[in-house]
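The values are calculated or read from the model by the stated rules, or taken from the named source; none is laboratory data. Keep in mind that this is a model prediction, so the values were computed, not measured. Counting neighbours? That spans all protein chains shown, and the Cβs are built from the backbone with ideal geometry, glycine included. When the accessible area is computed, the model is the full protein with side chains, heavy atoms only, and any ligands, DNA or RNA have been set aside. Shrake-Rupley method; radii C 1.70, N 1.55, O 1.52, S 1.80 Å.
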Amino acid sequence: MTPSPRPAPRGSRLVRRLLALEIVTVVLTAVIAGGVSAWTTRQTIERDAADRMRSIAATLAVAPGLAEAVAARDVTRVQPAAEAVRRGSGVSFVTVMDPRGTRLSHPEPARIGETYQGTFVPAAAGATLVETFPGTLGLSVRAIVPVRAPDGAVVGMVAVGQLRVQVADRVARELAVLALAAGAAIALGVGLAVLAARRVKRDTLGLEPREITALHRHHEAVMAAMREGLLVLDAATGRVVVVNAEAARLLGLPAAVTPSRGAGPTLDELGVDPALRERLADRSPVTDETVLVGERLLLVNRTELAGQDGGDPDLVVTLRDRTELEAMTRELDDARSVTRALRFAAHEHANHLQAVSTLIELGAQDDARDLAQRWSRDLLGPDIDDDADLRERLADPALAALLLDKATDARDRGLQLRITPATALDAADAGDEQASTDRVTVVGNLLDNALDAALESAHAGRGGVVELDVQAGGGAVVVRVTDDGPGLADAESAFTPGWSTKDDGRREQRGLGLALVRRVVDRRGGAIEVGPGTDGGTVFTVTLPVAGPVDQRGSGSTAASR
């Protein structure tokens, strides 16, 4: 099979434009900087040349014996002295003249006696003069200083000059060095620009600005539309890099969270539930694990995304809310339990109806009524006359329905659920809908735990009884659940998520009921007491304030999560 050809590298107008812009910027910068440097260098060289001419002329003007020789117009003494200075300093000419400008020395001896070409009147008056003048040797930079006699009178002048050609040669040499430096800077800048363009192309995958903008908008749309929570964490620092709205909702994060790799908050700073923080801190694989976060059951997955340039990986965490699914599952289990109980009781009820019908036919209506009431009491235990009595004593319809369901379930499992005669809840103590939901969550989970414990005792041939007492007073509802099971060896650990005494291969699905009870009680500002029963087993006493400080952060459908 012929391998498919590799796709040609994708070009990018963005990268080309950036490269061109950077090259133009580098070249212009180098040219401008070089031009300024060249102008400054030329000015500096010319200024240095003028200062040097002035210094040489001033030194020669005060040389011993020069003033006497100039005053005497002694060319034989002046010419050798001037030429010695010229040769020693490397200047173009050294000319000594009298106050009228007549040359007493010159590099070309034939010009001695001629009038000096240039401005000398200010020097004859005692001033120092620097000028650029086209003399007999050519355009030159020259300095003219007066020669004074011991009494201060000007007896002559000294002119020292450098041809501009020589100055220009020095400037050219300096500019050549500047040009070389500018060329090196341009080459280095272009090279760095090419490297930067390649890096930009690699980081942007060769995408154009409009494509990057479109991808960003698509990313934002997908993040907002996802029904799963998404977190991306920097593995090295633990900072939140990405978080979508669903993750913020599930974790109860504030709306002002600003994810960032360099300055984003950590899960600790956001106050995320410790159970989730500890699980994510463990680098072992996380695949479809159920974690109790607040009062939500979240299905957590974590994968590692390789970091750029071999750096630390990013942790990609997905969160799926299983609270409602768990609620539906438990409701389905309850429905199946009731259906099974009804199926098993159908035949028995048919026999009961036949017996009642026979008594009525025999005219024993009172006996028939007593028999029907006795069978009705058997459904809930000897302490309740009928389900209508339970509904009258409990002003919370949801709690009453829960107890009827649990009584049926207990009877089907061969257990006995006793509801104490003192159990009652007035409308004034029932509270609002949230109080009812929390109460059902607490009672449902405590009864499930107690019935499981009682079932162990029943299988061992003893016990199998659970007792419930619900009373109100002092602005709170006190729930007491007693079982005759084997008891709890570590009562405190029983409220830890995932802790369970059962090992049936589904341990990850257990150990959440009592943990959820603890969350609800803590949220409402209540209290939990755990102690041994009088005849073995365990007694759970929960105090639930009717109007407690309810914090809905991270709460879900708690009643359905038991």
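Residue by residue through segment 248-254, what is 3J(HN,Hα) from phi via Karplus (6.51 cos²θ - 1.76 cosθ + 1.60, θ = phi - 60°)? Round to whole Hz and write x for glycine and proline.
4, 5, 5, 8, x, 7, x
Order T213, T266 by their accessible area, 1.4 angstrom probe, all chains in place, largest first.
Per-residue accessible area, sorted high to low, gives T213, T266.
What's the long-distance tail for segment 101-141, i.e. % of Cα pairs beyond 12 Å?
Of the Cα pairs, 63 percent sit more than 12 Å apart.
Amide H neighbours of T102 under 5 Å, counting only residues 5+ apart in sequence or on other chains, H built in-plane at 1.01 Å?
Counting only residues 5 or more places away or on other chains, the set is Y116.
At q = 0.14, 0.18, 0.21, 0.22 Å⁻¹, what log₁₀ I(q)/I(0) does segment 59-175 have when each alpha carbon counts as one equal point scatterer in the Debye sum?
Evaluating at q = 0.14, 0.18, 0.21, 0.22 Å⁻¹ gives log10 I(q)/I(0) of -0.53, -0.85, -1.13, -1.24.
Calculate one ³J(HN,Hα) per residue across segment 195-202 by plugging θ = phi - 60° into the Karplus curve 6.51 cos²θ - 1.76 cosθ + 1.60, and present them in order as whole Hz with x for glycine and proline.
Once θ is set to phi - 60°, the couplings for segment 195-202 become 4, 5, 5, 5, 5, 4, 5, 5 Hz.
Would you give the gap between the C-alpha center of segment 16-60 and the C-alpha center of segment 139-195, rounded to a whole Å?
11 Å
Around S92, which amide H atoms from residues at least 5 apart in sequence, or from another chain, sit under 5 Å from its own amide H, with H modelled in the peptide plane?
So S92 has HN proximity to G161, Q162, L163.
Only sites in a loop by DSSP and with at most 16 other Cβ atoms within 10 Å count here; which GluC sites (Glu not before Pro) in segment 41-121 make the cut?
Taking segment 41-121 and a limit of 16 other Cβ atoms within 10 Å, the loop GluC sites (Glu not before Pro) found are E114.
What number comes out for accessible area per residue over segment 142-250 if the probe is 1.4 Å? Units Å², please.
With all protein chains present, segment 142-250 gives 54 Å² per residue.
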